Each structure stands twice: as C-alpha cells, then as structure tokens.
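Here's the structure, in structure tokens; my notes come after.
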Amino acid sequence: MSITKVAVAVAANGGYDRPQELQAFDDTKAGVKGLREEVVAQVRAAAETAGFFQVVNHGVPGDAMAAMVAAVARRKMRRSWRDTIFLDMEPEPPQPEELPEALRGVMFEYVGAVRKLSAWLFELLSESLGLAGDRLAEMGCGESLKVACNYYPPCPEPHLTLGNTKHTDPTFLTVLLQDAVGGLQVLLDHGAAGGGGKAWVNVPPVPGALIINIGDLLQLVSNGRFKSVEHRVLANQSVDTARVSVASFVDVGRSKRQYGPIEELTSPDGGNPPIYRSVTVEEFIAHFYRKGSEQSRPRLDYFKLVE
Ligand SMILES: O=C(O)CCC(=O)C(=O)O
Ligand SMILES: [Fe+2]
C-alpha cells in the first residue's frame, strides 16, 4: 500500500490558521525509502498538532466507500439532526443477519480494508514516534473496531443546533469516511502568528479521501505528543440532501489491560516525565460516560500526573 498524498491541516510556524494544501508526492517514487520518511514526517507533523489528516490511495476500495455511504443514506431515519447506528465489528464480528440489511453486502469488505489501513497507519505512527514499526500493534491497538454510521438529515434551522456536539474520540484512532456535503470542523490553535486563541476549521470533503484522527488513548500512550483534538459537525445546511459519515473507531480489545505513556517516550529522571498515569480501558470508558466529565476540561486531564 502506498499513500501518495497526505493532507495535513497544519500551516507553517506552528500555527494552523489555514489548512495546508494537499501535499502531492511523486507516484513514481512510491516505495523509495525517502518517500516513506517523508510520509512518516507528514504523519508526525499532523498527529502532533492538528490531530487530523486526510489520506488518499489508502487501499480502501472506492466502490466499497461509495456503497457504505449509499447504504447509510438509504436508512432515512429522522429522529434528530443525527441518527447513528453503532456496530461492533471486531474482535467478535457479528453474523451477517445481525447487520442492517442495507449494510450486509459491503460491511465486511469495508471493515477488512479499514483494518488493513489502520495496521499500516499504526506502523507509520510508531515510526513517527521513533519506535519500532510494530510497537503500537504489539500493544493491541488495533484489536477492536466499532463502526458508527451517522446520518444527518437536512436541518431547516441549522444555525440553532449542531449535527454532532464538540468532542474528542475516546479511542486510539478514527478512520472517518464523509460524503461530499461537508460540515465537519476541528478546533485548532491559531498559533502566535494568528493572535493566539482557537478557531473552528473546516475539514473539507476530498473525493476518495479518508480522514484520520488521533483518539484520546493514543494521546495518552504517546505521553501527549500526539493530539486528540476536539471536533464537531455543523447541522446539515443543505435543503434536500442528507449528510452521511462512517466513523471506524480503532481501539484496544482487552478492557482490563493497563495503558500508560510508552516507556521509551519518557525519561522519568530527565526532562520528560510521564504526564499521564496508567489506566485500564474499562476505567477510561467509565470516566467517559461519567456525567459532566467533559464539561470544561479535556477529558484526559483527569488522568494527568502533573499539571
Ligand atoms: O460525522 C462526522 O464527520 C464526524 C463524526 C464524529 O466525530 C464521530 O462519530 O465521532
Ligand atoms: Fe468524533
């Protein structure tokens, strides 16, 4: 698999006032060592700042992406400005008949391709932390996969509500497929050049691309180097077209295992102590669902060792 373009929502000088253009890599150099290093550097830059990037030539078949979007769009449920169906796909895949009928034909193919992509991304992310390529996979990062199929009907008064309120993803990594409607926004620092403060930045639909974002647990194990960044979805402003997205949450399977900052990334006696304590996934999720856990402070702060 080769990524020939990586879009990184980071501008120069550490500020992110505007998303950078898609960075094009020369296809003919795919596989050359220098290209991999360049991709690893791009992934590192994105993961350490915006926490979001888009990938194309990712190995997930375009037909499967289109079929997923069409299947979710067919469900047409209108209970709220978002209707989500959650499917637990790994480590224990459901029987086909347990899936909504519209998704049955494509779900397993799509999920298989997303798992391959995420295994490859974990390699790049490990390398971009200066670790062996299999370090994150070894920790069981890709064992669990939950898929949220989101359906956002057109909203007559979109300025009064949101499609999806501000949040970070409580997982390791999210692979997000969005259709062409748009509305996803990420909360980024302006940087010193932009006068400080934060601003909502659109994550524009790019045909054929998948959005990758860092989740809370990857921020924790990377000792805060990778950023799990807040995002939201505006209410659908279109008059007659529903917006569809499919979020694949890639996570750890074993809920009793402890996860803390990776040892090689910290130097307790030097200038780089662990900033989070170890947690079990069970404990982390319990905190996630605790009422008010995300009112004002980032959820991960709860597990911080140092202020
Ligand atoms: O619909 C989207 O684009 C984003 C959805 C999302 O952030 C989520 O399901 O966690
Ligand atoms: Fe999300």
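The values are calculated or read from the model by the stated rules, or taken from the named source; none is laboratory data. Predicted model, so just to flag it, every value in this text is computed and none were measured. Here Cβ is always computed from backbone atoms with ideal geometry, including for glycine, and neighbour counts include all displayed protein chains. Note: accessible area is taken over every heavy atom of the protein model, side chains too, but ligands, DNA and RNA are not part of it. Shrake-Rupley method; radii C 1.70, N 1.55, O 1.52, S 1.80 Å.
Cβ separations smaller than 8 Å between residues 6+ apart or across chains give the following pairs from region 122-137 residues that are more than 13 Å from GLU263 (Cα to Cα) to residues that are open to solvent by less than 10 Å² (accessible area, probe 1.4 Å) and not in a helix (DSSP H, G or I): PHE122/CYS141; PHE122/LEU173; LEU125/LEU173; LEU125/PHE226.
Here ASP169 fits the description: open to solvent by less than 20 Å² (accessible area, probe 1.4 Å), in a loop (DSSP other than H, G, I, E, B) and among the acidic types (Asp, Glu). When the residues of region 235-278 are narrowed to those that are part of a strand (DSSP E or B) and open to solvent by 40 Å² or more (accessible area, probe 1.4 Å), which ends up farthest from ASN213 (Cα to Cα)? Only one residue fits best here, namely SER267. For region 46-65, the count of residues that are open to solvent by 10 Å² or more (accessible area, probe 1.4 Å), small (Gly, Ala, Ser) and over 29 Å from THR241 (Cβ atoms) is zero. Take the conditions (1) part of a helix (DSSP H, G or I); (2) more than 17 Å from LEU117 (Cα to Cα); VAL39 misses just one of them, which is (2). Checked against (1) buried (at least 17 other Cβ atoms within 10 Å of the Cβ); (2) more than 27 Å from ARG225 (Cα to Cα); (3) among the charged types (D, E, K, R), ARG104 meets all criteria but (1). The numbered conditions (1) within 16 Å of ligand 2 (Cβ to nearest atom); (2) touching an Asp or Glu at 6+ places or on another chain (Cβ under 9 Å); (3) open to solvent by 80 Å² or more (accessible area, probe 1.4 Å) are all true for TYR289 except (2). Evaluate region 128-141: report whether one residue or more is open to solvent by 10 Å² or more (accessible area, probe 1.4 Å) and within 25 Å of VAL206 (Cα to Cα). No, that holds for no residue. Only residues that are at pLDDT 85 or above and in a loop (DSSP other than H, G, I, E, B) were counted across region 281-305, and they come to 1. Within region 78-118, which residues are acidic (Asp, Glu), in contact with a helix residue (DSSP H, G or I) (Cβ under 9 Å, 6 or more places away or on another chain) and closer than 15 Å to GLU143 by Cα? Within region 78-118, GLU90 is the sole residue that qualifies.
For (1) within 12 Å of ligand 2 (Cβ to nearest atom); (2) over 20 Å from LEU145 (Cα atoms); (3) out of contact with any Leu (no Cβ under 9 Å at 6 or more places or on another chain), each residue gets a yes or a no:
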site	(1), (2), (3)
GLY182	no, yes, no
ASP189	no, yes, yes
VAL221	no, no, no
GLU230	yes, yes, no
ASN236	no, yes, yes
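Restricting attention to region 167-188 and to residues that are more than 10 Å from ligand 1 (Cβ to nearest atom) and over 12 Å from the mean Cα position of the chain (by Cα), the residue that is farthest from ASN213 (Cα to Cα) turns out to be ALA180.
When residues in region 145-166 are screened for being open to solvent by less than 50 Å² (accessible area, probe 1.4 Å) and either within 11 Å of ligand 1 (Cβ to nearest atom) or out of contact with any Phe, Trp or Tyr (no Cβ under 8 Å at 6 or more places or on another chain) (or both), 10 of them pass.
Whenever a residue of region 57-75 is touching a residue at least 24 places away in the same chain (Cβ under 8 Å) and part of a loop (DSSP other than H, G, I, E, B), its partners that are open to solvent by 10 Å² or more (accessible area, probe 1.4 Å) and of a type in the set (Lys, Arg), lying with C-beta atoms within less than 9 angstrom and at least six residues away or across chains, give the pairs ASN57/LYS5; GLY59/LYS116; VAL60/LYS116.
Every test in (1) within 25 Å of VAL69 (Cβ to Cβ); (2) in a loop (DSSP other than H, G, I, E, B); (3) at pLDDT below 90 is passed by ASN164 save one, and that test is (2).
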